[in-house]
Amino acid sequence: MSSLPSRRIGFILVPLGVVLLPLTIFTGSGTLGACPESAPDFLGIDFSQARILDLQVATMSLSWYDGCNWRSSWLVPSVLGFVLIAIGLVLIGRSMNQQHTDTV
(Lines give C-alpha, C1' and ligand atoms only; values in the text may rest on other atoms or scores of the structure.)
Protein backbone atom coordinates (compact mmCIF):
# COMPACT_ATOMS: atom_id res chain seq x y z
CA MET A 1 0.00 0.00 0.00
CA SER A 2 1.50 3.32 -0.97
CA SER A 3 2.10 6.05 1.57
CA LEU A 4 -0.68 8.46 0.65
CA PRO A 5 -3.71 6.09 0.69
CA SER A 6 -2.62 4.43 3.94
CA ARG A 7 -2.18 7.85 5.55
CA ARG A 8 -5.66 8.88 4.40
CA ILE A 9 -7.14 5.67 5.76
CA GLY A 10 -5.32 6.30 9.05
CA PHE A 11 -6.67 9.84 9.25
CA ILE A 12 -10.18 8.43 8.75
CA LEU A 13 -9.82 5.58 11.26
CA VAL A 14 -8.48 7.68 14.15
CA PRO A 15 -11.44 10.13 14.36
CA LEU A 16 -13.87 7.26 13.79
CA GLY A 17 -12.31 5.44 16.74
CA VAL A 18 -12.53 8.57 18.89
CA VAL A 19 -16.26 8.82 18.08
CA LEU A 20 -16.80 5.16 19.04
CA LEU A 21 -14.96 5.34 22.39
CA PRO A 22 -17.70 7.02 24.47
CA LEU A 23 -20.56 5.03 22.91
CA THR A 24 -20.39 2.52 25.77
CA ILE A 25 -21.98 5.18 27.98
CA PHE A 26 -24.78 5.87 25.50
CA THR A 27 -25.52 2.27 24.43
CA GLY A 28 -26.16 1.06 27.95
CA SER A 29 -29.45 0.49 29.63
CA GLY A 30 -30.33 2.05 32.94
CA THR A 31 -33.00 2.06 35.59
CA LEU A 32 -35.32 4.99 36.19
CA GLY A 33 -34.24 8.32 34.74
CA ALA A 34 -31.68 11.06 34.88
CA CYS A 35 -29.97 11.86 38.15
CA PRO A 36 -31.41 15.01 39.71
CA GLU A 37 -29.02 17.96 39.77
CA SER A 38 -26.38 16.12 37.73
CA ALA A 39 -23.76 18.41 36.23
CA PRO A 40 -24.13 17.24 32.62
CA ASP A 41 -27.91 17.56 32.33
CA PHE A 42 -27.92 16.33 28.74
CA LEU A 43 -26.50 12.96 29.86
CA GLY A 44 -28.33 12.63 33.16
CA ILE A 45 -25.32 10.91 34.71
CA ASP A 46 -23.52 12.08 37.83
CA PHE A 47 -19.95 11.04 37.02
CA SER A 48 -18.67 12.25 40.40
CA GLN A 49 -20.48 9.34 42.06
CA ALA A 50 -20.05 6.76 39.28
CA ARG A 51 -18.39 3.46 40.10
CA ILE A 52 -17.84 0.19 38.25
CA LEU A 53 -19.66 -2.74 39.79
CA ASP A 54 -18.84 -5.62 37.46
CA LEU A 55 -16.84 -6.24 34.29
CA GLN A 56 -17.66 -9.33 32.23
CA VAL A 57 -14.96 -9.90 29.61
CA ALA A 58 -16.68 -12.96 28.12
CA THR A 59 -19.87 -11.03 27.33
CA MET A 60 -18.08 -7.69 26.82
CA SER A 61 -20.38 -5.97 29.31
CA LEU A 62 -19.93 -3.52 32.13
CA SER A 63 -22.26 -2.94 35.07
CA TRP A 64 -21.92 0.41 36.81
CA TYR A 65 -23.72 2.78 39.15
CA ASP A 66 -23.99 6.47 38.25
CA GLY A 67 -24.99 7.78 41.65
CA CYS A 68 -28.73 7.13 41.34
CA ASN A 69 -29.23 4.40 38.67
CA TRP A 70 -27.81 0.95 38.00
CA ARG A 71 -26.55 0.72 34.43
CA SER A 72 -25.37 -2.02 32.11
CA SER A 73 -23.30 -1.20 29.04
CA TRP A 74 -21.88 -3.10 26.10
CA LEU A 75 -18.11 -2.62 25.70
CA VAL A 76 -17.85 -3.50 21.99
CA PRO A 77 -18.08 0.13 20.72
CA SER A 78 -15.23 1.23 23.00
CA VAL A 79 -13.05 -1.77 22.18
CA LEU A 80 -13.67 -1.22 18.47
CA GLY A 81 -12.80 2.46 18.96
CA PHE A 82 -9.46 1.55 20.56
CA VAL A 83 -8.70 -0.91 17.74
CA LEU A 84 -9.52 1.64 15.03
CA ILE A 85 -7.36 4.29 16.72
CA ALA A 86 -4.46 1.83 17.02
CA ILE A 87 -4.72 0.72 13.38
CA GLY A 88 -5.05 4.32 12.22
CA LEU A 89 -1.98 5.42 14.18
CA VAL A 90 0.05 2.48 12.84
CA LEU A 91 -0.95 3.34 9.26
CA ILE A 92 -0.10 7.01 9.76
CA GLY A 93 3.21 6.15 11.41
CA ARG A 94 4.20 3.71 8.67
CA SER A 95 3.29 6.15 5.92
CA MET A 96 5.29 8.92 7.61
CA ASN A 97 8.22 6.54 8.07
CA GLN A 98 8.03 5.41 4.45
CA GLN A 99 7.84 9.01 3.26
CA HIS A 100 10.87 9.91 5.39
CA THR A 101 12.81 6.89 4.06
CA ASP A 102 11.92 7.77 0.46
CA THR A 103 13.24 11.32 0.83
CA VAL A 104 16.57 10.33 2.45
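The values are calculated or read from the model by the stated rules, or taken from the named source; none is laboratory data. Everything quoted here is computed from the prediction, not taken from an experiment. Because the Cβ atoms are built from the backbone with ideal geometry, glycine has one as well, and the counts that use them run over all protein chains shown.
The table for this structure:
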read-out: Any hit, region 74-89, residues being closer than 17 Å to THR24 by Cα and outside any helix (DSSP H, G or I); value: yes
read-out: Flag for ARG7 being surrounded by 13 or more Cβ atoms within 10 Å (Cβ to Cβ), modelled with pLDDT under 85 and touching a helix residue (DSSP H, G or I) at 6+ places or on another chain (Cβ under 9 Å); value: no
